[in-house]
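K.L.:
My questions will all concern the structure given below.
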Amino acid sequence: MHLSIQQMQGLHLEILAKFTEICKKHNISYYLCGGSLLGAVRHNGTVPWHCDFDIMVPEQEINHLIQLLADELDSKYSLDYHSLNNKSMQLFPRIILRGYDSDVFHVDIFRLIGFPDNAYKQKKMYSKTKHIRLILKVKSMKTTDIVGKPFIKRIIIYLSKVFFLILPYSVLFSSYNKLCSKYPYETAPYAGYLAGRHGIRNMFKRDMYEQYISVEYSGIRVRIVKDYDFYLKQIFGDYMKYPPKKEQEEAMKKTYIINKSLPPGSKKGLFT
């Protein structure tokens, strides 16, 4: 399937409308984050040249939300998450197009977890997550992803895949789940999510999430943290500054290829 960035954004908005409806109906806490929060503040909706969508939900509400989404999402969408099927490599839930893989089109639901009031322990949590994600990436790489790489890099990847072959996926997911529950969100001094691209900048004092406001996002009412200015400055710096015009135009012309998912029960294995 080939989608333009505008088509991707249209599907994101369709999912967001249903997601907010479900959360409001069942009293689920959530906050837009990352580039989606930036869009809400700077554009009152989607960033025109942005095709990702990010939401965060407190860890203690994730399992309940997963069940609600499974029951109430439109049938053309489904969830990609390791606890739901044995082919998923995801450390957090993703809403995806049913029958297609989650590599390109997805709505990420990050697990908002607790962190200790200790810089060393905070960094260690992120370091462990980085290692888990790297191992998952290596284990799930397909031959087609490797063949175009330099010879030495190919050898390193193949050797790593063989080395990690004996390490079950379940051990990696269990290790990550333990990190997420080590410091209960409700009482932790800090909160954030581990798997985002911005690393430790995703972490804030937990009281950041005790107050939120409702704003308009392309015609949909959504929740964002009240102190969004502090949040966005920590993540993006001067968040009101636009990228160069050329970058905007190139991104808005891009076509995205969405591939069919693997057959039920299969995993991206050693030489798939």
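The values are calculated or read from the model by the stated rules, or taken from the named source; none is laboratory data. Bear in mind the structure is a predicted one, so any value in this text is a computation, not a measurement. Heads up, the Cβs are rebuilt from the backbone with ideal geometry, glycines too, and the neighbour counts pull from every protein chain shown.
K.L.:
Please tell me if residue 190 is among the aromatic types (Phe, Trp, Tyr), over 16 Å from residue 32 (Cβ atoms), surrounded by 17 or more Cβ atoms within 10 Å (Cβ to Cβ) and out of contact with any strand residue (DSSP E or B) (no Cβ under 7 Å at 6 or more places or on another chain).
P.N.:
Spelling it out, it is not the case that residue 190 is among the aromatic types (Phe, Trp, Tyr), over 16 Å from residue 32 (Cβ atoms), surrounded by 17 or more Cβ atoms within 10 Å (Cβ to Cβ) and out of contact with any strand residue (DSSP E or B) (no Cβ under 7 Å at 6 or more places or on another chain).
K.L.:
Out of all the residues in segment 151-161, is one or more surrounded by 14 or more Cβ atoms within 10 Å (Cβ to Cβ) and not in a helix (DSSP H, G or I)?
P.N.:
no
K.L.:
Scanning for something assigned to a helix (DSSP H, G or I) and loosely packed, with under 12 Cβ neighbours inside 10 Å, does segment 111-126 turn up at least one residue?
P.N.:
Within segment 111-126 (the criterion being assigned to a helix (DSSP H, G or I) and loosely packed, with under 12 Cβ neighbours inside 10 Å), the answer is yes, since at least one residue qualifies.
K.L.:
Would you be able to tell me the number of residues in segment 90-135 that are under 30 Å from residue 4 (Cβ atoms) and either basic (Lys, Arg) or in contact with a Gly (Cβ under 7 Å, 6 or more places away or on another chain) (or both)?
P.N.:
So the count comes out to 4.
K.L.:
Hey, another quick one. Determine, yes or no, whether residue 137 is of a type outside the set (A, V, I, L, M, F, W, C) and either over 21 Å from residue 165 (Cα atoms) or not in a loop (DSSP other than H, G, I, E, B) (or both). Show your work before the answer.
P.N.:
Numbers: of a type outside the set (A, V, I, L, M, F, W, C): yes; either over 21 Å from residue 165 (Cα atoms) or not in a loop (DSSP other than H, G, I, E, B) (or both): yes.
For residue 137, the condition - of a type outside the set (A, V, I, L, M, F, W, C) and either over 21 Å from residue 165 (Cα atoms) or not in a loop (DSSP other than H, G, I, E, B) (or both) - is met.
K.L.:
Does residue 128 fit the bill of being of a type in the set (D, E, K, R), more than 15 Å from residue 192 (Cβ to Cβ) and in contact (Cβ under 8 Å) with a residue 40 or more places away in the chain?
P.N.:
Answer is no for this residue.
K.L.:
Being closer than 28 Å to residue 188 by Cβ, crowded, with 17+ Cβ neighbours inside 10 Å, without any contact (Cβ under 8 Å) to a residue 60 or more places away in the chain and among the hydrophobic types (A, V, I, L, M, F, W, C) is true for just one of 57, 41. Which residue is that?
P.N.:
Details: 41 fails: without any contact (Cβ under 8 Å) to a residue 60 or more places away in the chain.
Checking each option against the conditions leaves just 57.
K.L.:
Return the only residue of 68, 112 being touching a helix residue (DSSP H, G or I) at 6+ places or on another chain (Cβ under 8 Å), at pLDDT 95 or above, among the hydrophobic types (A, V, I, L, M, F, W, C) and closer than 15 Å to residue 22 by Cβ.
P.N.:
Values: 112 fails: closer than 15 Å to residue 22 by Cβ.
After ruling out the rest, the residue left standing is 68.
K.L.:
Restricting attention to segment 182-205, does a residue exist that is farther than 20 Å from residue 92 by Cα, under 21 Å from the mean Cα position of the chain (by Cα) and outside any loop (DSSP other than H, G, I, E, B)?
P.N.:
yes
K.L.:
How many of the residues in segment 135-150 are more than 25 Å from residue 176 (Cβ to Cβ) and at pLDDT below 80? Quick ask: steps written out before the conclusion?
P.N.:
First pass over segment 135-150, keeping only residues more than 25 Å from residue 176 (Cβ to Cβ): 143-144, 147-150.
Okay, now just the ones that are also at pLDDT below 80, so 143-144, 147-148.
Qualifying residue count, segment 135-150: 4.
K.L.:
Let me ask you something else. Of everything in segment 165-174, what is surrounded by fewer than 16 Cβ atoms within 10 Å (Cβ to Cβ) and part of a helix (DSSP H, G or I)? Give them in sequence order.
P.N.:
170, 171, 174
K.L.:
In addition: Inside segment 16-38, can you point out the residues that are surrounded by fewer than 21 Cβ atoms within 10 Å (Cβ to Cβ), assigned to a helix (DSSP H, G or I) and of a type in the set (A, V, I, L, M)?
P.N.:
Once the filter is applied, which keeps residues that are surrounded by fewer than 21 Cβ atoms within 10 Å (Cβ to Cβ), assigned to a helix (DSSP H, G or I) and of a type in the set (A, V, I, L, M), segment 16-38 yields 17, 22.
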